[in-house]
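These notes concern the structure reproduced below.
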């Protein structure tokens, strides 16, 4: 406990913890809409496309001001989305191909510009190369304040446009019929995604930022079908991952924060995929078992009678699997067989089930009744 209090009292570590946790909250909240709209690849493209904007903003301003760098990053991020739209609508290249082109072009230009400015006198102090993989330790109080303000504005916009974004996300055709300006709203969603990615660049970097946007939503989707709950869970997962990554990297020797945050997110996604209450594999398996049809004792009795008749009337036992196949592949016959045995209609020997004389008579009676 004392160590943790010392951790909170440390200026640098406190900035890193607050910054990464807040970025996780904002990314998880807005990333839910990107995930549901199947725009995961778009987030990856935008995050890579912000690199040339960061470098160009530094060249224009000649110093590392986080606000200025964010504006530059947002500019090239939006430019990349515009390029995708133009290529998708004006050429024969499909949207995913357009995204691949935009990612390669913008990230390539960014790396080229980054290499070119390394010889500048101010390049060593800029630390722009840290934007590729992120360097949360470089966060200062003014950076955190910018993150809090911009991230807060994104969340406020999300709340104000909640109804519209919800309708556009799930049923854009209905939104058009209802008179909503779908194109503007979709552009607003993309803009918020760009801003969210931009504020996380310094912490996680352009390569891993898309994971911060999509992974919390992917984890949250396994636990609920309600959008509001999904957004809250995604924000919680993102914030917890950011905080955990900051703490682990602080106590480990030369451990970068961004990759640790993504590793924590990956672990939470895997846990959710297995244990998620709504879509997790374990719960899905349990629901499948519960939903399997319980075979009716009379049906099983008739199936046993039919099996005996198929063997020229000789008394022969049959394994439970054979009885299940005779009744239906999805049926659970164990309980029905137990009922028949208690009633003296069937007997089991070495795993094979057969009818008693009384059971055989009852099966014949059921056959006559069904024939009538």
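The values are calculated or read from the model by the stated rules, or taken from the named source; none is laboratory data. These numbers were taken from a predicted model, which means no experiment stands behind them. Here the Cβ is made from the backbone with ideal geometry for all residues, glycine too, and neighbour counts use every protein chain on show.
Computed quantities for the displayed model
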read-out: Criterion violated by residue 38 - all others in (1) out of contact with any helix residue (DSSP H, G or I) (no Cβ under 7 Å at 6 or more places or on another chain); (2) over 25 Å from residue 211 (Cα atoms) satisfied; value: (2)
read-out: Only listed residue being under 19 Å from the mean Cα position of the chain (by Cα) and either touching a residue at least 12 places away in the same chain (Cβ under 8 Å) or not assigned by TED's automatic domain parsing to the domain that holds residue 129 (or both), chosen from 81, 32, 50; value: 32
read-out: Search result, residues across region 237-260 that are within 27 Å of residue 222 (Cβ to Cβ) and either at pLDDT below 85 or surrounded by fewer than 24 Cβ atoms within 10 Å (Cβ to Cβ) (or both); value: 239, 240, 243, 244, 247, 248, 249, 257, 258, 259, 260
read-out: Residue 103 being buried (at least 18 other Cβ atoms within 10 Å of the Cβ), in contact with a helix residue (DSSP H, G or I) (Cβ under 9 Å, 6 or more places away or on another chain) and part of a helix (DSSP H, G or I); value: yes
read-out: Residue pairs meeting the criteria (Cβ under 9 Å; at least 6 apart or on separate chains; first assigned to a helix (DSSP H, G or I), in region 308-334; second surrounded by fewer than 12 Cβ atoms within 10 Å (Cβ to Cβ) and modelled with pLDDT of 70 or more); value: 320/351
read-out: One residue from 201, 268 being part of a helix (DSSP H, G or I), in contact (Cβ under 8 Å) with a residue 40 or more places away in the chain and either under 21 Å from residue 47 (Cα atoms) or in the same structural domain as residue 11 (by TED's automatic domain parsing) (or both); value: 201
read-out: Filtered residue count, region 336-372, keeping only those that are modelled with pLDDT under 80 and not in a loop (DSSP other than H, G, I, E, B); value: 6
read-out: Failed criterion for residue 149 (all others in (1) closer than 23 Å to residue 230 by Cα; (2) at pLDDT 90 or above hold); value: (1)
read-out: Flag if residue 64 is surrounded by fewer than 24 Cβ atoms within 10 Å (Cβ to Cβ), more than 15 Å from residue 211 (Cβ to Cβ), in contact (Cβ under 8 Å) with a residue 40 or more places away in the chain and under 24 Å from the mean Cα position of the chain (by Cα); value: no
read-out: Candidate set from region 204-217 (those that are in a helix (DSSP H, G or I) and farther than 11 Å from residue 33 by Cα); member that is farthest from the chain's Cα centre (by Cα); value: 204
read-out: Matching residues in region 82-100 - criterion: being assigned to a helix (DSSP H, G or I) and either touching a strand residue (DSSP E or B) at 6+ places or on another chain (Cβ under 6 Å) or surrounded by fewer than 17 Cβ atoms within 10 Å (Cβ to Cβ) (or both); value: 82, 85, 86, 88, 89, 90, 95, 96, 97, 100
read-out: Cβ pairs under 6 Å, 6+ apart, first in region 276-292 and at pLDDT below 70, second surrounded by 11 or more Cβ atoms within 10 Å (Cβ to Cβ) and not in a helix (DSSP H, G or I); value: 292/330; 292/332
